[in-house]
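A short reminder: the numbers here are calculations on the coordinates, not readings from a lab. Fair warning: this is a prediction, and the values are worked out from it, not measured in the lab. For neighbour counting, all protein chains shown are included, and Cβ atoms are generated from backbone atoms with ideal geometry for every residue, glycine included.
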Amino acid sequence: MRRRWWAWAALACLAALAPSNLPPLGEAAAPELSATKASPSGGRLEGARRLEGAFTLTRQNDSAYQLNDWALPYPVYRFQTGDVDGDGSEDALVGVVKSTRFHPEKGRRLFIFKQIDGHARPMWLGSRLGGVLVDFRFADGRIRALETTPDSSSYAVSEYRWRDFGPYFERFLIKNTDKTTAIKYLNQ
C-alpha cells in the first residue's frame, strides 16, 4: 500500500510539472513520429512523421522527443498505441532508453501515457517489468514483452495486462529460449 501512495504522489508531481501551454507546432517544427496499432514494422521509428489518433511523437534531435506536449528527453526505440487500460480510449506506449533511480544503468524502459483534454499525461513510467526489457508490442489488449536475463543468456516473451496502477504479469508465451525463437513469439 505504501508503494502505491508513493507512485500516485510521483505521478501527481509529474503532471503538475508537465508543460500545458506550449504553442502549436508550426511548419518548421521538427519531424513527427507516430505509431500504428498493427503496423508491419511493429511500431519501429522508421520515418520522420508518425501519427496515431491523437498522439504525435516529435523528434527534436537524436535523443530528445516530445509526445504531444510531454517532453521525453531520452532516445525512443518504440512507439505504439492501443487501449491499455480497457476504458475505450487510445493510450500511447513509448519505449525509451534511460537510467532510473533504482536501476542506474541505461536500459530500455516502457512509459504509458493517456490523453487528457488533448494533453499526454503519464499513466505509468516504468523502470522495469519482470526481466531486462529488450522490446515490446501491444496486441490483443496485452503488453507483450521480450525480456532477457541480466547476462542475456536466456530469453522469454511475457504478457502483461493493466491492473490498477500498472502492468500485471499474466503469463509466459515462452521462456528459457534463444533470442531468435523469442522474437518469433513476440511478433505473433
Worksheet item: What is the calculated FRET efficiency for Asp117 to Asp140, with r their C-beta to C-beta distance and R₀ = 25 Å, to the nearest 0.05?
Response: 0.30
Item to complete: Place a label point 7 angstrom from the Cα of Ile183 along the Cα-to-Cβ direction, then list the residues of segment 72-102 whose backbone nitrogen is under 17 Å away.
Response: 77-78
Worksheet item: Under the Karplus relation 6.51 cos²θ - 1.76 cosθ + 1.60, θ = phi - 60°, what is the ordered set of whole-Hz ³J(HN,Hα) values for segment 159-168, x standing for Gly and Pro?
Response: 10, 10, 10, 6, 9, 6, 9, x, x, 10
Worksheet, complete the sentence: Computed from the beta carbon distance with a Förster radius of 41 Å, FRET efficiency for Ser63 and Ile174 to the nearest 0.05 stands at 0.80
Response to the item:
Sorted by chain and number, the residues with a modelled amide H under 5 Å from that of Met123, at a separation of 5 or more or across chains, are Ile112, Phe113, Lys114
